[in-house]
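The values are calculated or read from the model by the stated rules, or taken from the named source; none is laboratory data. No experiment lies behind these values; they were computed from the predicted model shown. Don't worry about glycine lacking a Cβ; one is built from the backbone with ideal geometry, like all the others, and counts go over all protein chains shown. Remember, those area values only see protein heavy atoms, side chains included, never the ligands or the DNA or RNA. Shrake-Rupley method; radii C 1.70, N 1.55, O 1.52, S 1.80 Å.
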Amino acid sequence: MKINVLMVDDELEWLNTYSKILSQSNDIIIIGSVQNKESAIELVKHSCPDIIIMDLNLSNSKFDGLSVTNEILKIVNTKIIVVTSYFEEKLIKEAFSIGAVEYILKKNILRLPEVIKEVYENNSPHAILAHAFLYDKKESRFNSLSKAEKEFGLVILKINKV
């Protein structure tokens with residue numbers, strides 16, 4: 001089992017720290033490291049990361065790692081672990097609501113290889129809760145549609161299967 005990991009952080013020191021920690025694991029392969037959202041999106045289009053380590057702040061604009069997470073998940077089906085110094089309820093909820101499967105504080109960064117393996121193997125309690133949360137959110141949106149909107153959606157699904 002080899003886990004392909006992409007690292008996204010605007011600070012080179014943190015990227016180097018992640019590399020040092022992850023290089024000690026034989027199961028983890030670092031397929032790239034980038035320092036901005038544009039490079040992250042471009043690299044995701046051309047690689048197949050199993051896991052993305054995403055910092056919350058990638059520029060002067062606060063918490064743009066969340067918008068990048070949202071964009072990436074529209075492009076590729078991968079698992080994103082948010083790594084940050086911020087322990088704020090609002091940020092944690094927002095990260096999980098857009099599709100992140102884990103949220104780890106930088107002060108606990110030595111746990112990163114273990115967290116990556118848990119997420120990859122679907123053994124992370126947080127990842128299971130995040131998936132359930134997203135499912136409930138999507139189901140709630142679906143249930144709020146009118147009968148005509150639901151029927152139209154089913155027609156589109158059938159057309160796409162052809």
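Let me spell it out: the conditions are (1) within 15 Å of the chain's Cα centre (by Cα); (2) hydrophobic (A, V, I, L, M, F, W, C); (3) surrounded by 14 or more Cβ atoms within 10 Å (Cβ to Cβ); (4) not in a helix (DSSP H, G or I), and residue 40 meets all of them except one. Which number is the exception?
In the conditions (1) within 15 Å of the chain's Cα centre (by Cα); (2) hydrophobic (A, V, I, L, M, F, W, C); (3) surrounded by 14 or more Cβ atoms within 10 Å (Cβ to Cβ); (4) not in a helix (DSSP H, G or I), residue 40 misses (4) alone.
Please determine, by comparing only the residues of the stretch 43-53 that are at pLDDT 95 or above and out of contact with any Leu (no Cβ under 6 Å at 6 or more places or on another chain), which one is surrounded by the fewest Cβ atoms within 10 Å (Cβ to Cβ).
Restricting to residues being at pLDDT 95 or above and out of contact with any Leu (no Cβ under 6 Å at 6 or more places or on another chain), the top hit is 50.
Checking residue 95 against (1) open to solvent by less than 80 Å² (accessible area, probe 1.4 Å); (2) in contact (Cβ under 8 Å) with a residue 40 or more places away in the chain, only one condition comes out false. Which one?
Condition not satisfied by residue 95: (2).
Is it true that some residue in the stretch 2-19 is assigned to a helix (DSSP H, G or I), over 17 Å from the mean Cα position of the chain (by Cα) and in contact (Cβ under 8 Å) with a residue 40 or more places away in the chain? Full working, then the answer.
Here is the first cut: in the stretch 2-19, the residues assigned to a helix (DSSP H, G or I) are 12-19.
Then keep just the ones that are over 17 Å from the mean Cα position of the chain (by Cα); that gives 12-14, 16-17, 19.
Going one step further and asking which of them are in contact (Cβ under 8 Å) with a residue 40 or more places away in the chain, we end up with 14, 17.
The answer is yes, given that some residue of the stretch 2-19 is assigned to a helix (DSSP H, G or I), over 17 Å from the mean Cα position of the chain (by Cα) and in contact (Cβ under 8 Å) with a residue 40 or more places away in the chain.
Could you tell me which of the residues 108, 70, 77 is without any contact (Cβ under 8 Å) to a residue 12 or more places away in the chain, open to solvent by 40 Å² or more (accessible area, probe 1.4 Å) and touching a helix residue (DSSP H, G or I) at 6+ places or on another chain (Cβ under 9 Å)?
108
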